[in-house]
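The next block holds one structure in the form of structure tokens; read it before the comments.
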Amino acid sequence: QVQLVESGGGLVQAGGSLRLSCAVSGRTFSNYAMAWFRQAPGKEREFVAASSWNSANTLYADSVKGRFTIARDEAKHTMYLQMNRLKDKDTAVYYCAGGPGEYKSPRAVRYADWGEGTQVTVSS
């Protein structure tokens, strides 16, 4: 059974940084595209960033481009989201997601596996 477990969320002041982690177990890390999504209170879940299975290609939402970086550590079976210059509008529950195959996508339906989320709160 595939499990994705997020960690690293917390409370941070605007302008600060956080690094989220997503540990994957129950399957091989290769040939597995992954992404981050987030959901703010009262809003729909939205795409944040995605990585192809081999990290060769990445994709970012316009709202985080230049501030967030997605990365994968094959040896640790872990995906990361480095978040810099955080804004109060970044406050949300952040979810990691994964799906078999090579290609990345900003669409949630692409991903079969989901974590339970980690809360990020940015205070202004």
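The values are calculated or read from the model by the stated rules, or taken from the named source; none is laboratory data. Please read all numbers here as calculations on a predicted model, not as lab measurements. A quick note on method: Cβ atoms are made from the backbone with ideal geometry, for glycine too, and the neighbour counts reach across all protein chains shown. For accessibility, only protein heavy atoms count, side chains too; no ligands or nucleic acids. Shrake-Rupley method; radii C 1.70, N 1.55, O 1.52, S 1.80 Å.
Details
- Residue separation of Lys76 and Val109 scaled by 0.36 nm, minus their Cα-Cα distance, works out to 9.3 nm of gained length.
- Cα lying deepest toward the dipole's positive end in the chain, options His77, Gly98, Pro41, charges on Cβ: Pro41
- Dipole check for the chain: with +1 at the C-beta of Lys and Arg, -1 at the C-beta of Asp and Glu, and the Cα centre as origin, the magnitude is about 240 Debye.
- Phi to ³J(HN,Hα) by Karplus 6.51 cos²θ - 1.76 cosθ + 1.60 over segment 47-53, Hz, x for Gly, Pro: 6, 10, 7, 9, 9, 5, 4
- When the charge dipole of the chain is built from unit charges on Cβ atoms (+1 for Lys and Arg, -1 for Asp and Glu) and taken about the Cα centre, the candidate among Ser25, Gly117, Ser55 whose Cα reaches farthest toward its positive end is Ser55.
- Derived scalar couplings ³J(HN,Hα) [segment 29-38; Karplus, 6.51 cos²θ - 1.76 cosθ + 1.60; whole Hz; x for Gly, Pro]: 7, 7, 6, 9, 6, 9, 7, 10, 10, 8
- Simple spin-label estimate for Ser7 and Ser25 in nanometres, 7 Å along Cα-Cβ: 1.1 nm
- Accessible surface area normalised per residue over segment 33-124 is 51 Å², counting heavy atoms of protein chains with a 1.4 Å rolling probe.
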